[in-house]
């Protein structure tokens, strides 16, 4: 079946450095790719998303890139801050439905002071 | 605007029992999706309800069932509980039953099956 693989599972970066999280998906019909952030003990929240007709999207320190040919997309966080510490999930829409997302397993991002 | 709420927060059940989890959707949202999130994993889609009807289902057995009420709140029922059902159950509401709409998550119900 369709799946989304996410790497790395844990990422530790120095405060102020950049962090990159990568996801690959298997369903070539996927056309929507959101990223959610889940802080410890809190609910997941959407931080950025991208659609298949766009290659890159940026929102302040956060950017997402999409390579449809290779079926992978990445989250880039620049100038990392302590409040960026959280678990980040990527997801991809399921091609044969317009209602379902397939989620990655998550990346625990640790910002070292 | 009222956010998504879930009850109870925590629940401990015995294998073979039945459980009902509740979710109140955000004001103005007519769609509720339910997810199971095992420890260290991403959310797994259980099913979605739109205007009181099941709109789609993931790879979960029939002992996982749900309801949506006229006010768009929703219930998740799990029968014949198994140890592997232990997880965080999240509901998320959205203004339309389409995956490209932002999903607003509740705080979750932590279910432990012993």
- Top-ranked residue in the range A:79-101 [being in a strand (DSSP E or B) and within 16 Å of residue B:40 (Cα to Cα); ranked as farthest from the other protein chains (Cβ to nearest Cβ)]: A:86
- Query: Quick check, is residue A:38 within 8 Å of chain B (Cβ to nearest Cβ) and either in contact with a helix residue (DSSP H, G or I) (Cβ under 7 Å, 6 or more places away or on another chain) or under 26 Å from residue B:91 (Cα atoms) (or both)?
  - Reply: no
- Residues B:36, B:68: which one is buried (at least 21 other Cβ atoms within 10 Å of the Cβ), away from chain A (no Cβ under 13 Å) and touching a strand residue (DSSP E or B) at 6+ places or on another chain (Cβ under 9 Å)? B:68
- Message: Can you pull out every residue in the range A:1-23 that is within 14 Å of chain B (Cβ to nearest Cβ) and within 23 Å of residue A:68 (Cα to Cα)?
- Response: A:1, A:2, A:3, A:4, A:5, A:6, A:7, A:8, A:9, A:21, A:23
- Task: Within the range B:39-48, track down each residue that is more than 9 Å from residue A:103 (Cβ to Cβ) and either more than 8 Å from chain A (Cβ to nearest Cβ) or in contact with a strand residue (DSSP E or B) (Cβ under 8 Å, 6 or more places away or on another chain) (or both).
- Result: B:39, B:46, B:47, B:48
- Can you tell me which residue within the range A:102-113, out of those that are in a strand (DSSP E or B) and buried (at least 21 other Cβ atoms within 10 Å of the Cβ), is farthest from the other protein chains (Cβ to nearest Cβ)? A:109
- Query: With B:51, B:15, B:63, B:22 as the choices, which residue is within 14 Å of chain A (Cβ to nearest Cβ) and either surrounded by fewer than 17 Cβ atoms within 10 Å (Cβ to Cβ) or farther than 30 Å from residue A:7 by Cβ (or both)?
  - Reply: B:51
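Rule-based calculations on the coordinates, nothing more; no lab input. Computed from a predicted structure; not experimentally measured. Positions of Cβ are backbone-derived with ideal geometry, glycine not excepted, and every protein chain shown enters the neighbour counts.
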